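To start, the structure itself, in structure tokens.
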Amino acid sequence: LAKGPEEWFDKLEQLVTDADLRKEMGERAHQSVLWTFGPYRRQILLRQTLTALTRSSFHLSQTFIPQSKEQLPNLCHPKPATSPVRTLFSSIRHLNSRVTVVLPLYNYRQFIIEALESLKAQTLADLDLIIVDDCSTDDPVPVVRSWLEENESRFGSTRFLQNTRNQKLGITRNNGFDQAETEFIFPLDPDNTLLPECLERCLQGIEVAGAAMAYTDIDYFGDVQTEIANFDWNPHLLAAGNFVDAMALIRKEVWISLGGYTTSHDLFSWEDFDFWCKLAEAGLPARRIPTCLCRYRVHQKSMLRTLHKDEEFLRILYEKIEEHHPWVDLSIDKQQLDRC
């Protein structure tokens, strides 16, 4: 805050009198040190040290593993972009949860309760929930608040937030992640659902693998009904396109270190693909849970049905992704790349 010793008195007085400034400084300090000195970064460095000492092959060989401490992502990414929010509902029962589900909401009032019921049914006992409404026009607030009032006892902490103005998906997700106080975060779109064991299995998988992120296979439902077996994590496959849905368990310190979700509106809901590319570029490992535990709803307004039909739109979108990540070439065939 202070540019020199002569400003110290004024700045210290400002800190004493300005509670919002103290809170902002604390949050910035926490985010700035979490990756550098946090437990997951220590874990990565220790694994590299033990690998070097034993000269054994690193079991996470399908990642862009840095060759030295200096090459580990120092993470020159800026602080995740967020925006002001207002609190519509808040309840804190306990602080035992290790996982928070972040649910960004925009105009899916007809689906939101089904998504929330799937969270209520999770076998993971301790769970936090954050819903961020991006100024929906279909008035979901009474429906959501009523459900939360009836079910707040299911969750350790429950918050229903609303952006002060429409911000689109990237910032809305970041707002939820920023408010989460747990080690792990799982984003869930309001038109999708989770099978009961999803969060528990993802938590087990991410810890056993020492991974930055864990994801499952996908069950399409709605207008299309089919199970999609996913690829095991191989960052080279991202060069040909996305194969990991946004529904994944992510370490909060990794989200911070990568600068959060990109908030550029020209990604048009491909923020998750952009985030996975940043994860790959940072050399961080991920773990696939080879079971269908996430359910993706296919309907007339879903991205699967709308965006992929417009060739000109896709061309522009591909150019933007490749501009952000020059090693990506979305004209490549995944199976051909895998054989290579």
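Points worth noting:
- Here GLU181, GLU117 are screened, and the one residue that is part of a helix (DSSP H, G or I), open to solvent by 40 Å² or more (accessible area, probe 1.4 Å) and not β-branched (Val, Ile, Thr) is GLU117.
- Residues satisfying the stated conditions in segment 120-133, i.e. in contact with a Ser or Thr (Cβ under 8 Å, 6 or more places away or on another chain) and crowded, with 22+ Cβ neighbours inside 10 Å: LEU127, ASP128, LEU129, ILE130, VAL132
- Subset of segment 156-173 [over 13 Å from PHE89 (Cα atoms) and open to solvent by less than 50 Å² (accessible area, probe 1.4 Å)]: GLY156, ASN163, GLN167, LEU169, GLY170, ILE171, THR172, ARG173
- All positions within segment 214-228 that are of a type outside the set (Phe, Trp, Tyr) and over 12 Å from ASP245 (Cα atoms): GLY222, ASP223, VAL224, GLN225, THR226, GLU227
- If you filter segment 287-317 down to residues that are open to solvent by 60 Å² or more (accessible area, probe 1.4 Å) and among the aliphatic types (A, V, I, L, M), you find that the one that is modelled with the lowest pLDDT is LEU304.
- Filtering ALA211, ALA248, ALA239 for residues that are among the hydrophobic types (A, V, I, L, M, F, W, C) and within 30 Å of LYS23 (Cβ to Cβ) leaves a single hit, ALA248.
- Flag for SER83 being part of a strand (DSSP E or B), open to solvent by less than 40 Å² (accessible area, probe 1.4 Å), over 23 Å from TYR40 (Cβ atoms) and among the polar types (S, T, N, Q): no
- Condition met for ASP245 (at pLDDT 90 or above, over 29 Å from PRO326 (Cβ atoms) and either in contact with a helix residue (DSSP H, G or I) (Cβ under 8 Å, 6 or more places away or on another chain) or assigned to a loop (DSSP other than H, G, I, E, B) (or both)): no
- Here segment 211-260 is the region considered, the condition is being of a type outside the set (A, V, I, L, M, F, W, C) and free of Cβ contacts under 8 Å to residues at least 60 places away in the same chain, and the residue that is most open to solvent (accessible area, probe 1.4 Å) is GLN225.
- Close pairs (9 angstrom Cβ cut-off, 6 or more residues apart or separate chains): on the phi > 0 side of the Ramachandran plot in segment 138-167, open to solvent by 50 Å² or more (accessible area, probe 1.4 Å) and not in a loop (DSSP other than H, G, I, E, B) anywhere: ASP139/ARG109
- Within segment 261-281, considering residues that are assigned to a loop (DSSP other than H, G, I, E, B) and open to solvent by 10 Å² or more (accessible area, probe 1.4 Å), the one modelled with the highest pLDDT: THR262
- Qualifying positions in segment 1-24 - aliphatic (A, V, I, L, M) and modelled with pLDDT of 85 or more: LEU12, LEU15, VAL16, ALA19, LEU21
- Each residue in segment 184-210 was checked for being closer than 21 Å to GLY260 by Cα, modelled with pLDDT of 95 or more and in a loop (DSSP other than H, G, I, E, B), and 3 pass.
- Beta carbons closer than 8 Å, at least 6 apart along the sequence or on distinct chains, pair a first residue in segment 86-110 that is surrounded by fewer than 15 Cβ atoms within 10 Å (Cβ to Cβ) and assigned to a loop (DSSP other than H, G, I, E, B) with a second that is modelled with pLDDT under 95 and of a type in the set (D, E, K, R) for LEU95/GLU181.
- Any hit, segment 205-213, residues being over 15 Å from the mean Cα position of the chain (by Cα) and of a type in the set (D, E, K, R): yes
- The one condition in (1) touching a Phe, Trp or Tyr at 6+ places or on another chain (Cβ under 9 Å); (2) in a helix (DSSP H, G or I) that ILE218 fails to fulfil: (2)
The values are calculated or read from the model by the stated rules, or taken from the named source; none is laboratory data. None of these values were measured; they are calculated from a predicted model. Cβ coordinates were reconstructed from backbone atoms using ideal geometry, including for glycine residues, and neighbour counts include every protein chain displayed. Note: areas computed on protein heavy atoms with side chains; ligands, DNA, RNA excluded. Shrake-Rupley method; radii C 1.70, N 1.55, O 1.52, S 1.80 Å.
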